[in-house]
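Report on one structure; see the data block that follows.
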């Protein structure tokens, strides 16, 4: 039997909009994954630390405030610095189209905006996590 | 409202019609859906008749606008006398950029201002605080000191226009900046008017921009109530908000019940301090969401007015003015789609209509591009024009409460009131609003509703045009607001210069006095004002209170 996929849903920065993060967390749990939710106000260091401790396969970052270019890439840069290459990082929130290629270049493998079906995220994770 | 015999005959006739007509037809031509329900999950019948309003008494439950129970409107003349205030929530980047946006909106016919602050400001941090990283001016304007406030309102007649400020944790401090700016310009305090949101309970419940724990937060709020009615008589010292509860995923009924529950909690807290209810109650205001289900929203606003008037009477209010639920409305941000953004104009129109038919005092209409970014000039102008078209062209303002007496609307208004009281009972059993927050009751209720709503969309049970039906492959091509890249640099330099050039001895003195006062029970507003007048920054003033009061941490529930 395959090991369950482990995922950390995180809210970086000061943004308190947690509707999306909570819905995604619950959907992934219902899809059979192990979900850890950080709660609000996380720094990149806190997120990466939790990800290591919890031995997750995926980090899902959620942000509405518009600070994604800085706060999402803070996490991927820190992972790179720590030479952690086996964690997939995903992002979701209010993200303009033109920022998506830039985020992907910085190591955010999947970007999910408003209107995304939660199954799409489940499918993406199932496809991209190597087991 | 109807005589008993007539009602019986109507009921009899309806039963016949349901059986002999409706059932017969739907046997061969079934209805489009198995069941019809609104967004709160309330089942909706195929038709409503006087029988559905059989328990309503006209004078007791419906009545006239401007009279108890204020179901039909808080003013006798409503929108025939004065239109609602067209108030677009706006703020981004630096104070200079936002000042320009306000002047643009005013030039195009906006009649009230509404300030959106960025995250560092909402949390009481200066723009150069390490935790402000990446957030400068992102979802609001950055205001770190009175200097920034001066720039924000430069050239704007704050003695003539009212300003609403969405600020909660540091509300007293930001309000002090507004007051101090008016003072510096020689404007009489009796002339400035506006609103601070100042509603911390819904921050714990839904919006999550909290700083201090509940007890000191409530203390600060009551300080502003008291200072307000004594010193700044035209100011609404709170805007008790359902908007964010709804945006976090609640149903309309939950929005109504949780918001009014919060309102009652504030009244009790102020009464406990010994404030006279008829002094502070006229300055309480409310803020609701306008979501997609048209009639449900209208019923929500009507029910809100009636429940509030009843509850305020129970709490001991004697003056009519204390019974009035005055409210602002914003169309639902969470109902906007990133897909085919232009069609949001239509959604917003319908939502705005419901707010106006529901008797709102003030309205913000969302811009079509807000599921993508902050609104561009063109998008916000169309949003404002939407209100102007409804006001000037549609004719719906010709009469007051035009849907009053609709069998369906009256039934639904009543139903929502009933469900609100059910929630009041539940919260009471948990020990009141704050214990219920600490137990995660509201948070769980909201998360549950948000998840259910999303699943309905995911499974196509609920259709959203452009998202799960009527989809196009067209690329989204809409201009996105560009911010001044030099804004953050300018702001941080201004802060550095301010900290160097102001009279730092004076700043220290006032901060020290505030610190001393904050350890006791005195009203802090005069002390905060002194700090702000001496150009102490938001971060310094709020940081000091943080030291004394501590910070709130919420349980992470999903």
Can you list the helices (runs of 4 or more DSSP H) lying wholly within segment B:239-300 that have 1 or more residues being modelled with pLDDT of 95 or more and within 14 Å of another protein chain (Cβ to nearest Cβ)?
B:243-247, B:252-272
Total residues in segment B:388-422, condition assigned to a helix (DSSP H, G or I), over 18 Å from residue B:250 (Cα atoms) and without any contact (Cβ under 8 Å) to a residue 60 or more places away in the chain:
3
Unmet requirement for residue A:95, which otherwise passes all of (1) part of a loop (DSSP other than H, G, I, E, B); (2) in contact (Cβ under 8 Å) with a residue 60 or more places away in the chain:
(2)
Only one residue in A:116, A:76 is out of contact with any helix residue (DSSP H, G or I) (no Cβ under 8 Å at 6 or more places or on another chain), assigned to a loop (DSSP other than H, G, I, E, B) and surrounded by 19 or more Cβ atoms within 10 Å (Cβ to Cβ), so which one is that?
A:116
Count of segment A:1-27 residues which are within 7 Å of chain B (Cβ to nearest Cβ) and not in a loop (DSSP other than H, G, I, E, B)
5
Among helices (runs of 4 or more DSSP H) completely within segment B:423-522, the ones holding 2 or more residues that are crowded, with 18+ Cβ neighbours inside 10 Å and within 14 Å of another protein chain (Cβ to nearest Cβ) are B:441-458, B:487-501
Does residue B:367 satisfy the condition of being buried (at least 22 other Cβ atoms within 10 Å of the Cβ) and away from chain A (no Cβ under 14 Å)?
no
Condition first: buried (at least 20 other Cβ atoms within 10 Å of the Cβ), within 21 Å of the chain's Cα centre (by Cα) and either within 12 Å of chain A (Cβ to nearest Cβ) or closer than 23 Å to residue B:474 by Cβ (or both). Now tell me which residues in segment B:335-354 satisfy that.
B:335, B:336, B:344, B:347, B:348
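Here is a yes/no grid of residues against (1) out of contact with any helix residue (DSSP H, G or I) (no Cβ under 7 Å at 6 or more places or on another chain); (2) within 20 Å of residue B:110 (Cα to Cα); (3) assigned by TED's automatic domain parsing to the domain that holds residue B:262:
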| residue | (1), (2), (3) |
| --- | --- |
| B:292 | no, no, yes |
| B:297 | no, no, yes |
| B:300 | no, no, yes |
| B:338 | yes, no, yes |
| B:356 | no, yes, yes |
Conditions (1) within 14 Å of chain A (Cβ to nearest Cβ); (2) assigned to a loop (DSSP other than H, G, I, E, B) -> residue B:539 fails only (2)
Members of segment A:37-67 that are touching a helix residue (DSSP H, G or I) at 6+ places or on another chain (Cβ under 7 Å) and part of a strand (DSSP E or B):
A:37, A:58, A:59, A:60, A:61, A:62, A:63
Within segment B:324-334, work out how many residues are assigned to a helix (DSSP H, G or I) and surrounded by 24 or more Cβ atoms within 10 Å (Cβ to Cβ).
0
When you check residue A:102 against the structure, is it modelled with pLDDT of 95 or more, more than 8 Å from every other protein chain (Cβ to nearest Cβ) and more than 13 Å from the chain's Cα centre (by Cα), yes or no?
yes
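The values are calculated or read from the model by the stated rules, or taken from the named source; none is laboratory data. These figures come from a predicted structure and were not determined experimentally. Please note: Cβ atoms are built from the backbone with ideal geometry, for glycine as well, and neighbour counts cover all protein chains shown.
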